[in-house]
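The values are calculated or read from the model by the stated rules, or taken from the named source; none is laboratory data. Because the structure is predicted, anything quoted here is derived from the model rather than measured. Every residue, glycine as well, gets a Cβ built from its backbone with ideal geometry; the counts of neighbours run over all protein chains shown. Accessible surface areas use protein heavy atoms only, side chains included; no ligands, DNA or RNA. Shrake-Rupley method; radii C 1.70, N 1.55, O 1.52, S 1.80 Å.
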Amino acid sequence: MPPMPPTRRPHVTAPEPDLRHHGDAEVRADGLGLVDLAVNVRTGTPPAWLREHLAATLGDLAAYPDQSAARAAVAARHARPVEEVLLTSGAAEAFVLLARVLTSRHIVVVHPQFTEPEAALRDAGHRVHRVLLSPGDGFRLGAVPEEADLVVLGNPTNPTSVLHPAEAVAALARPGRTLVVDEAFMDTVPGERESLASVRDLPGRVVVLRSLTKTWGLAGLRIGYVLGPAPLIADLGAAQPLWPVSTPALAAAEVCSGPAALAEAERAAAELALRREHLVKGLAAFRSVRLHGEPAASFVLVRLPEAAAVRERLRAHGFAVRRGDTFPGLGEEWLRIAVRDEETTDRFLDALGAVLGSA
């Protein structure tokens, strides 16, 4: 009797990550009463002075929005000409505009990172190549294909919280290449070190995206902006609908770019660093929980066995955290946790201890 042929195991393809899943879904899905550690917006925001400033604009809503003052304020904040600033309905709109305007042929998105840039590019019909950074070296930024004429990355990166050196990011700039740097969380970093927002002398086209959502608690207002070469900014602006940013959002962009607001943001970033250190020290007490890389933003990324089950058990203890498997390059063993005040963090650590102790 001839020997039986070896059994072939079917090839199993990992499911494609859900690029449209975001942290707010963790809280909204039967999340009534959950402590929100899934969304990275600073708690206690908008501050009272900003709420009052926005409320004062309601009497101007009969007039069409005028961007001139807000654009000038953002330009001055980053020492750029006004022609190099585009105000957008949140940073997310900027990704859509770039996807519609750019005609790049070899597009690279560096992952793990915020998934909306890739989703917008794919929706616009572009083919996207992924470069996956490794947790083994702390998600250190490395080389991308030389032929790439559009490269997109975050700094500091969501969800890894890794802050790449400005020198390493700038080294990706090339003649004939558009380098898009998502700096939505840069204002959570003291001194905004490693930012390229005010750098204008790199080769190729360097585009920096910013958001007012995280530090100022304006996710519902939708306000962000793009910094880049004037010709590209003009093209992106031409792709926008008329009056894309509301009068209250423009008022927020203007006042949050002023000296008093920037000083407050710097104080908040310094306080955040201390709170993040408290969280990291608490997580270090759990042998099964690992951090890869040095977190620098308003959240940390952890790896632990059976993270999906842990996430569900944490919900039963009253806490919502962000699943990691929707980010390319990660999997079900990853969770993202927002930094909160020490009291909230201690309650979360107690809940995590109870969950891991019962696993």
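Between beta-carbons, use under 12 Å as the cut-off and find the net charge around Val255, counting Lys and Arg +1, Asp and Glu -1.
Details: positive: Arg51, Arg77; negative: Glu52, Glu254, Glu264.
Here the charged neighbours net out to -1.
Going by accessible area, probe 1.4 Å, with all protein chains left in place, what is the ranking of Ser195, Ser161, Ser134, largest first?
Values: Ser195 30, Ser161 0, Ser134 55 Å².
My answer, sorted largest first, is Ser134, Ser195, Ser161.
Can you tell me the accessible area per residue over the chain, all protein chains present, probe 1.4 angstrom, in square angstrom? Mind showing how you got there, number by number?
Working: 16600 Å² over 359 residues.
So the chain comes to 46 Å² accessible per residue, rounded to a whole number.
Report the accessible area of Phe286, computed with a 1.4 Å probe over the heavy atoms of all protein chains in place, in Å² rounded to the nearest 10.
About 40 Å², ignoring ligands and nucleic acids.
What is the local net charge at Ala270, summed over the other residues whose Cβ is closer than 15 Å to its Cβ (Lys, Arg +1; Asp, Glu -1)?
Details: positive: Arg42, Arg193, Arg267, Arg275, Arg276; negative: Asp187, Glu192, Glu264, Glu266, Glu271, Glu277, Asp341, Glu342.
Local charge sum for Ala270: -3.
Looking only at Pro248, Pro159, Pro259, which one moves most when the chain is put into a Gaussian network model with springs between Cα atoms under 10 Å?
Pro259
Using bins 10 angstrom wide from zero, how does P(r) for segment 288-328 break down, in % of all Cα pairs?
Over segment 288-328, the share of Cα pairs per 10 Å bin runs 25, 56, 19 percent.
Which whole-number percent of Cα pairs in segment 230-285 have a distance greater than 15 Å? Don't skip to the answer; put the middle values down first.
Values: 1082 of 1540 pairs.
Summing the P(r) of segment 230-285 above 15 Å gives 70 percent of all pairs.
Given a 1.4 angstrom probe, I'd like the percentage of the accessible area of the chain that is carbon and sulfur, rounded to a whole number.
Details: 9010 of 16600 Å².
Answer for the chain is 54 percent, counting heavy atoms of protein chains only.
Considering only Gly318, Gly136, Gly329, give the residue with the highest GNM mean-square fluctuation for the chain, with springs between Cα atoms whenever their separation is below 10 Å.
Judging by the Gaussian network model, the answer is Gly136.
Using a Gaussian network model of the chain with C-alpha springs under 10 Å, which one of Gly59, Gly220, Gly154 is most mobile by mean-square fluctuation?
Answer for the Gaussian network model of the chain: Gly59.
Which helices pass in the chain if a helix is a full DSSP H run, must span at least 24 angstrom along its long axis by Cα, and must have mean Kyte-Doolittle hydropathy not below -1.0? Show your work: numbers first, answer last.
On the way: long enough: 259-283 (36 Å, 0.04).
Span-like helices, by this rule, are 259-283.
Take the Cα pairs of segment 167-321, get the Kirkwood Rh, then feed it into Stokes-Einstein at 37 °C and 0.692 mPa s and tell me D in µm²/s.
My calculation gives 178 µm²/s for D.
Keeping all protein chains in position, work out how much accessible area Glu116 exposes to a 1.4 Å probe, and write it in Å² to the nearest 10.
Looks like 30 Å² after rounding.
Would you work out the charge dipole size for the chain about its Cα centre, treating the Cβ of every Lys and Arg as +1 and the Cβ of every Asp and Glu as -1, and quote it to the nearest 20 debye? The partial results should precede the final answer.
Working: 38 positive and 43 negative charges, 153 e Å.
For this selection, approximately 740 debye.
Cα centroid distance between segment 269-294 and segment 176-194, in Å?
22 Å
Using a 1.4 angstrom probe on the protein heavy atoms only, could you order Glu194, Glu332 from most to least accessible area? Write out the running numbers ahead of the final one.
Numbers: Glu194 60, Glu332 125 Å².
Per-residue accessible area, sorted high to low, gives Glu332, Glu194.
Shape of the chain from its Cα gyration tensor (a ≥ b ≥ c, root eigenvalues): rounded if a/c is under 1.5, otherwise prolate when a/b > b/c, or oblate? Can you show the working numbers first?
Values: a/c = 1.86, a/b = 1.25, b/c = 1.49.
Since a/c reaches 1.5 but b/c is at least a/b, the shape of the chain is classed as oblate.
Using DSSP, restrict attention to beta bridges with both residues in the chain and report what percent are antiparallel, rounded to the nearest 5.
Numbers: 18 of 39 bridges.
Of the beta bridges lying entirely in the chain, close to 45 percent run antiparallel.
Hey, how much of the P(r) for segment 118-219 falls beyond 24 Å, as a percent of Cα pairs? Don't skip to the answer; put the middle values down first.
On the way: 1210 of 5151 pairs.
Percent of Cα pairs beyond 24 Å in segment 118-219: 23.
Ignoring ligands and nucleic acids, what accessible area does Ser257 show with a 1.4 Å probe (Å², nearest 10)?
Around 10 Å² of this residue is reachable by solvent.
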